[in-house]
1. Find the eigenvalues of the gyration tensor of the Cα atoms of the range 104-196, then list the square roots of 5 times those eigenvalues as equivalent ellipsoid semi-axes, largest first, in whole angstrom.
2. Each label point is 7 Å from the Cα along the Cα-to-Cβ direction; what then is the distance between the points at Lys110 and Ser216, in nm?
3. Heavy-atom accessible area of Thr88 with all protein chains present, probe 1.4 Å, nearest 10 Å²?
4. If one computes the Cα centroid of the range 119-150 and of the range 15-44, what distance in Å separates the two points?
5. Chymotrypsin sites (Phe, Trp or Tyr not before Pro) within the range 89-197: which are DSSP loop residues with at most 15 other Cβ atoms inside 10 Å?
6. Summing Lys, Arg as +1 and Asp, Glu as -1, what charge do residues with Cβ under 12 Å from the Cβ of Gly197 carry, Gly197 excluded?
7. Can you tell me the order of 118-127, 15-24 when each peptide is scored by its average per-residue count of other Cβ atoms within 10 angstrom, highest first?
8. Please compare each pair in Lys110/Lys168; Lys17/Lys111; Lys17/Lys106 to a cut-off of 29 Å on the Cα-Cα distance and tell me which ones are over it.
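The values are calculated or read from the model by the stated rules, or taken from the named source; none is laboratory data. Since the model is a prediction, treat every value here as computed from it, not as a measurement. A quick note on method: Cβ atoms are made from the backbone with ideal geometry, for glycine too, and the neighbour counts reach across all protein chains shown. Calculation scope for accessible area: heavy atoms of the full protein, side chains included, ligands and nucleic acids excluded. Shrake-Rupley method; radii C 1.70, N 1.55, O 1.52, S 1.80 Å.
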Amino acid sequence: MPASPVVPASLLSVLGKLRVFTTPGFTTFTVMVTGLVAQTGGGTVTGMLTGAGLARAWPHDRAHAFFSRRRWNVDSLGIVLAPLIVDTLLPQGAAITVAVDDTLFKRSGKKVFGAAWQHVGAAKGAKPVGRGTCFVVVGIVVELPFLTRPVCLPVMARLWLPKTGPSKVELAASMVKVLAVCLDRLLHVVADAAYHGRVLRHLPGAITLTTRLPASAVLFDLAPPPTKKRGRPASRAPGWAHPLDSRRPPRSRPRASPGTAAPTRSGSPRSAAFGTAPSAPRPSASS
């Protein structure tokens, strides 16, 4: 059995452009990718060694240490991988569609870093929750000639730490900004309703964002220009649109006509202006 797998020349030429590892690390990386492509079982570290034909030739600690202790950075790999995907699979100068989503990897150990109980949108059953590590993933959408629908190729991912680290929206925004710098093209970012907030207001001009608004969202016009007067500048236009959920219309308080008192909820002399008489006092217990 060979000490290293036989890698096809076409695959090796692609992997050779991802030189963000040390020399021993690149050898292990080549083995892991080859085993991932060749294996027919689970995409685990052991499964990749088995697919590469090195399950009995290499110590398994060498493969596990590549992900836990070796000197390489996930963001650096994404910065090199993203231009390679764009230059190879997309037309020159075309806009890039970037998909953002998060996924939960279920973990049951008590000492797993970042593992916690959290919501799982794809879970089935009455309680859509699960325990594990959640990663925010950013991928580039491409169309391949041998498929009938587009596919998303992940290029960056970051671990979300509930209650202790940045939010999912902040992680997604930081990765999208990095892609905008290294790709230097127009990016059309698409995401679900979980990815919205103030942090996305300050994206570069070369990035557009399309997301599904919550059912209780309210749409405002753009803020008017500064008036150079005293006071806090307006953050939005005074007129606002109706909520997207028509079942909850905005509250409106009727205004009293000139010369009449304002309405009140309880019976009082002011309610006479709206055609209702004041409520009679209740008899006391002694009467």
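1. The three semi-axes for the range 104-196 are 27, 18, 12 Å.
2. Result for the modelled spin labels: 3.8 nm.
3. Counting only protein heavy atoms, Thr88 exposes about 90 Å² to solvent.
4. Result: 23 Å between the Cα centres.
5. Qualifying residues, ordered by number: Phe113, Phe146.
6. Local net charge: +2.
7. Peptide ranking by packing, descending: 15-24, 118-127.
8. Lys17/Lys111; Lys17/Lys106
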